[in-house]
Amino acid sequence: MTKIVIIDDHQLFREGVKRILDFESTFDVIAEGDDGVDALRLYEEYSPDVILMDINMPQMNGIEATEQLIAKYPEAKVIMLSIHDDESYVSHALKSGALGYMLKEMDADEIVGAIKIVAKGGSYLHPKVTRNLVAEYRRLSERENKGNFHQTEIRRPFHLLTKRECEVLQLLTDGQSNRAIGESLYISEKTVKNHVSSILQKMNVNDRTQAVVTAIKNGWVEVR
C-alpha cells in the first residue's frame with residue numbers, strides 16, 4: 001500500500017481528492033491537514049510514502065513546509081498541488097525538494113498516475129508545466145545569445161528511437177498529455193504510454209521531464 005497524506009487548507013478539495021484516491025486499491029489516505037505545520041507533524045507521526053502539498057496555505061505555505069521537511073527527512077516524497085502553472089511557482093517548488101508538481105485541474109487518472117510515479121522514486125510535472133518550462137528555457141537561451149537565438153537543424157534520434165517514438169518525444173516537448181498525443185497520432189492512450197516507457201528506457205532517463213530536457217539539449221526536437 002502507498003500511504004498518502006493530503007495537505008490543503010480547503011476541506012472540500014481534500015475530500016474530493018480523497019474520494020478519487022479511495023478508488024485506487026493500492027492507495028491508503030492515512031491523514032489530512034490544513035497547512036505546512038500540519039504537514040511536518042503528520043509526516044513525523046505517520047511517515048507517509050507521499051505527501052500531496054498545497055502550495056498556498058496560511059501559517060506555513062507548501063514551499064516552506066517542503067524545505068523544512070526535506071532538510072529533516074531527505075527521503076520524503078512531496079507532490080506540490082497548485083492552480084498556478086507559471087514557471088516561477090514550479091521552479092520554487094522543485095528547488096524546495098518537491099518531486100512532483102500537479103495542477104488542481106487534473107483528472108482522476110492523471111492524479112493517480114502522478115502519485116504512482118513519485119511513490120516509485122520518479123518525478124512528475126503536469127504536461128502544461130513542462131510546456132512552460134520549455135518556453136522558459138528558450139527565453140533564457142535567447143537572452144544568453146543577446147536575442148540572436150536560433151535553433152540549429154533538428155537531428156531526430158533515429159539511431160536511438162523509432163520514427164513513432166520520435167514523434168511522441170516531440171509531442172512530449174510540446175507539453176501534450178498522453179491523451180492528447182494519442183489523439184494527435186490516432187493511437188490509443190495505452191499505446192502512447194508504451195511508447196513513453198520505451199523512450200525513457202532507451203534514453204536512460206527516469207521521467208518525461210528528463211527526456212524533454214535531454215532532447216532539447218541534443219537538438220532532437222523542435223522548441224516551438
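The values are calculated or read from the model by the stated rules, or taken from the named source; none is laboratory data. Note that the structure is predicted; figures quoted are calculated from it, not measured. All Cβ positions, even for glycine, are placed from backbone atoms using ideal geometry, and neighbour counts span all protein chains on display. Accessible surface areas use protein heavy atoms only, side chains included; no ligands, DNA or RNA. Shrake-Rupley method; radii C 1.70, N 1.55, O 1.52, S 1.80 Å.
Only Cα pairs under 8 Å and at least 6 apart count here; give the relative contact order of the range 160-224 as a rounded whole percent. If you can, show how the numbers build up before the last one.
Values: 51 pairs, mean separation 24.3, N = 65.
Once normalised by length, the contact order is 37 percent.
Run the quick spin-label model on residue 83 and residue 158: label points 7 Å from Cα toward the beta carbon, then report their separation in nm to one decimal.
4.8
Give the Rg (one decimal place) followed by the Dmax (whole number) of the chain, computed from C-alpha coordinates and expressed in Å.
Computed over the Cα atoms of the chain, radius of gyration and Dmax are 18.3, 54 Å.
Please give the charge dipole size of the chain, origin at the Cα centre, charges +1 on K and R Cβ atoms and -1 on D and E Cβ atoms. Round to the nearest 20 debye.
Working: 28 positive and 35 negative charges, 259 e Å.
Roughly 1240 debye for the chain.
Among 31-40, 200-209, how do they line up from the highest to the lowest mean number of other beta-carbon atoms within 10 Å?
On the way: 31-40: 20.9, 200-209: 15.9.
Result, highest mean Cβ count within 10 Å first: 31-40, 200-209.
Only Cα pairs under 8 Å and at least 6 apart count here; give the relative contact order of the chain as a rounded whole percent.
Working: 334 pairs, mean separation 31.6, N = 224.
Relative contact order, the chain: 14 percent.
What is the magnitude of the charge dipole of the range 12-58 about its Cα centre, with +1 placed on the Cβ of each Lys and Arg, -1 on the Cβ of each Asp and Glu, and no other charges, expressed in debye to the nearest 20?
Numbers: 4 positive and 12 negative charges, 24 e Å.
For this selection, approximately 120 debye.
Tabulate in residue order the Karplus-calculated ³J(HN,Hα) for the range 188-204, using 6.51 cos²θ - 1.76 cosθ + 1.60 with θ = phi - 60°, rounded to whole Hz; enter x for Gly and Pro.
With coefficients 6.51, -1.76 and 1.60, one gets 6, 5, 5, 5, 4, 4, 5, 5, 4, 4, 5, 4, 4, 5, 5, 7, 6 Hz.
So with the 1.4 Å probe, I'd like the accessible area per residue for the chain, rounded to whole Å².
Values: 11640 Å² over 224 residues.
Averaged over the residues of the chain, the accessible area is 52 Å².
Over 26 Å between Cα atoms: which of 104/202; 104/190; 120/190; 72/217; 120/202 fall into that group? Each step should come with its number before you reach the end.
Values: 104/202 32 Å; 104/190 23 Å; 120/190 20 Å; 72/217 34 Å; 120/202 19 Å.
Table pairs above 26 Å Cα-Cα are 104/202; 72/217.
From the phi of every residue in the range 117-123, what ³J(HN,Hα) in whole Hz does the Karplus formula 6.51 cos²θ - 1.76 cosθ + 1.60 yield, where θ is phi - 60° and glycine or proline is x?
My calculation for the range 117-123 gives 5, 5, 4, 7, x, x, 10 Hz in order.
Compare the Cα positions of 62, 188, 216 along the charge dipole of the chain (+1 at Cβ of Lys, Arg; -1 at Cβ of Asp, Glu; about the Cα centre) and return the one farthest towards the positive end.
216
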